[in-house]
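Worksheet: the structure to be examined is printed underneath.
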Amino acid sequence: MTNESRGVSRRGMLGGAAAVGVAAPAFIGKAIAQGQVTWRVQSHWPKASVSFNDSLVKLASILEDKTEGAFKMELFGAGEFAKGPEIFAITQRGIVQMGTGSASYYENEGTCAGFAYGIPGTLRNALEQMHYIKNMGVEELFASELAEKGVIYKAEKAYPTELVVSKKVNSVDDFKGLKLRSSGTMLDYLTAAGASASYIAGSELYQALSSGVVDGAHWGAAQGAQSMSLWEVCKHHYRPPLGFTDDAWIFNADAVEALPDDIRTVFEAAVETRYFLRSAEYMHLEAKALTEGVETQGITVEEFPDDVLALFTEASGQIIEKEAAKSEKAATCADSLRTLMKDLGYS
């Protein structure tokens, strides 16, 4: 199959599902007659992670329900077939039909990855991130790059990224002494501000923190820290957020094209609408999780010192310039971000 034919037939997923609602079960008769569709899904989330259940299990349940059982998913937690960035390759090759991850894992696959992930220190709430990704064309630009490799990309939810640390940060010197787990542009951001940042897969994160390999990490924000038990070893939860980002779905393009038309309509609509529903739900649950952490787990919510925040501001500008230089599409993403920040009064 040529890239040209992929571009035409997969227009629905690249441009967003046209349908707002999910098709009624009566529409699925043809698919049921053709037999069940079963997809293997490799998640980057460990099964302990809140998003494994609230994002992935939930989507699988919706799709099975809306297709009267015609579309099922076999779900694998982090590392069962592959972990983190490795999931792209097994999805591309069709070993699994679907994966979860982050645009930060796909930096070698597309030049717009940094903007699809989120530039730290720029946008200040999830609604701004959602608008930037969906309405200002960033998701579509990045998806067009991955489509050339036979993979369909869709944002899964927008959410804050916040650090949890095992020791309090009182100064720039304290911050520069930290060893932190990170990924993507956030890794560049923390490194530019002086910390020692490196990538560690989610399935290995608790052990790395508890053994002192790293002093702190981000795995989303409050819900991520709570569900992954990071607060057991990192009692200092830092705000404001480092930035806002998106988790992601990736799909083998041939597997999507092979779906019966009626199942595919349900699938595309569910993926698109869940982005907005899950993003809103996530921010509600963030507040709840943080309150529980303070009241029952003895965490303290801290603010970075002003001199550390100044380093973050400088680092953010450097990252935008670096990411923009990667291609014309990346430069377009950067221009959109600068425009939005100016319109919001942030620059």
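Only the coordinates and a few stated rules stand behind these numbers; no lab work does. On a predicted model such as this, the values are computed, not experimentally measured, just so you know. Here the Cβ positions follow ideal geometry from the backbone for every residue, glycine too, while neighbour counts run over all protein chains shown.
From the residues 304, 337, 327, which one has its Cα farthest along the dipole of the stretch 290-347 in the positive direction, the dipole being from +1 and -1 charges on Cβ of Lys/Arg and Asp/Glu about the Cα centre?
After comparing all options, I get 327.
For the chain, build the charge dipole from Cβ charges (+1 Lys, Arg; -1 Asp, Glu) around the Cα centre, then report which of 97, 242, 219 sits farthest towards its positive end.
Of the candidates, 97 comes out farthest on the positive side.
Report the one residue of 108, 53, 275 whose Cα lies farthest in the direction of the positive end of the charge dipole of the chain (charges on C-beta: Lys and Arg +1, Asp and Glu -1; origin at the Cα centre).
Highest projection toward the positive end goes to 53.
Please compute the length gained on full extension between residue 314 and residue 346, using 0.36 nm multiplied by the number of residues separating them and subtracting their Cα-Cα distance.
Using 0.36 nm per residue and subtracting the Cα-Cα distance, I get 10.1 nm.
In the stretch 253-337, which trypsin sites (Lys or Arg not before Pro) fall in coil by DSSP and have 10 or fewer other Cβ atoms within 10 Å? Kindly include the intermediate steps, with their values, before the conclusion.
Values: sites: 264, 274, 278, 288, 322, 326, 329; in loops: 326.
Answer by residue number: there is no such site.
Rounded to the nearest 500, what is the chain's calculated 222 nm mean residue ellipticity when only DSSP H runs of at least 4 contribute -39500 (n - 2.57) each, over all residues?
Values: 16 runs with 157 residues, N = 347.
-13000 deg cm²/dmol, from helical runs alone.
Extension gain residue 273-residue 204, at 0.36 nm per residue separation less the Cα-Cα distance, in nm? Don't jump to the answer; show the numbers that get you there.
Details: separation 69, 0.36 × 69 = 24.84 nm, distance 3.19 nm.
Result for the pair: 21.6 nm of gain on full extension.
Taking amide H atoms as placed 1.01 Å from N in the peptide plane, list the residues 5 or more away in sequence, or in a different chain, whose amide H sits under 5 Å from that of residue 199.
The list, which skips near neighbours in sequence, is 182.
Could you tell me the largest-minus-smallest coordinate of the C-alpha atoms of the stretch 247-306 on each of the three principal axes, in descending order and whole angstroms?
Sorted from largest, the Cα extents of the stretch 247-306 read 52, 23, 20 Å.
About the Cα centre, and with charges only on the beta carbon of Lys, Arg (+1) and Asp, Glu (-1), how big is the dipole of the chain? Nearest 20 debye, please. Before the final figure, lay out each step's value.
On the way: 32 positive and 45 negative charges, 85 e Å.
Taking the Cα centre of the chain as origin, the dipole is about 400 debye.
Checking the cross-link filter: which lysines have an alpha carbon closer than 16 Å to that of residue 329, excluding same-chain neighbours under 8 positions apart?
Correct list for residue 329: 134.
Along its three principal axes, how long is the stretch 89-229 when you only count alpha carbons? Whole Å, largest extent first please.
For the stretch 89-229, the Cα extents along the three principal axes come out at 45, 33, 25 Å.
Which of the lysines could a cross-linker span from residue 235 if the Cα-Cα distance has to be under 16 Å and same-chain partners fewer than 8 positions apart are dropped?
167, 168, 179
Quick one: if the Förster radius is 25 Å, what FRET efficiency do residue 338 and residue 254 give, using the C-beta to C-beta distance and rounding to 0.05? Don't skip to the end; give the middle numbers.
Working: r = 37 Å, r/R0 = 1.49.
That pair, residue 338 with residue 254, gives E of 0.10.
Quick one: what do you get for the stretch 204-347 if you divide its Cα Rg by 2.2 N^0.38 Å? Can you show the working numbers first?
Working: Rg = 19.6 Å, N = 144, 2.2 N^0.38 = 14.5 Å.
Taking the Cα Rg and dividing by 2.2 N^0.38 Å, one obtains 1.35.
For the chain, modelled as a GNM with alpha-carbon contacts under 10 angstrom, which of 285, 127, 59 fluctuates the most?
285
Give me the net charge for the shell around residue 65: Cβ to Cβ below 15 angstrom, other residues only, Lys and Arg +1, Asp and Glu -1. Present the calculation step by step, with values, prior to reporting the outcome.
Numbers: positive: 58, 66, 72, 274; negative: 64, 68, 262.
Result for the neighbourhood of residue 65: +1.
Provide the gained length on full extension for the span residue 281 to residue 297, in nm with one decimal, where the gain is 0.36 nm per separating residue minus the Cα-Cα distance.
Numbers: separation 16, 0.36 × 16 = 5.76 nm, distance 2.28 nm.
So the extension gain works out to 3.5 nm.
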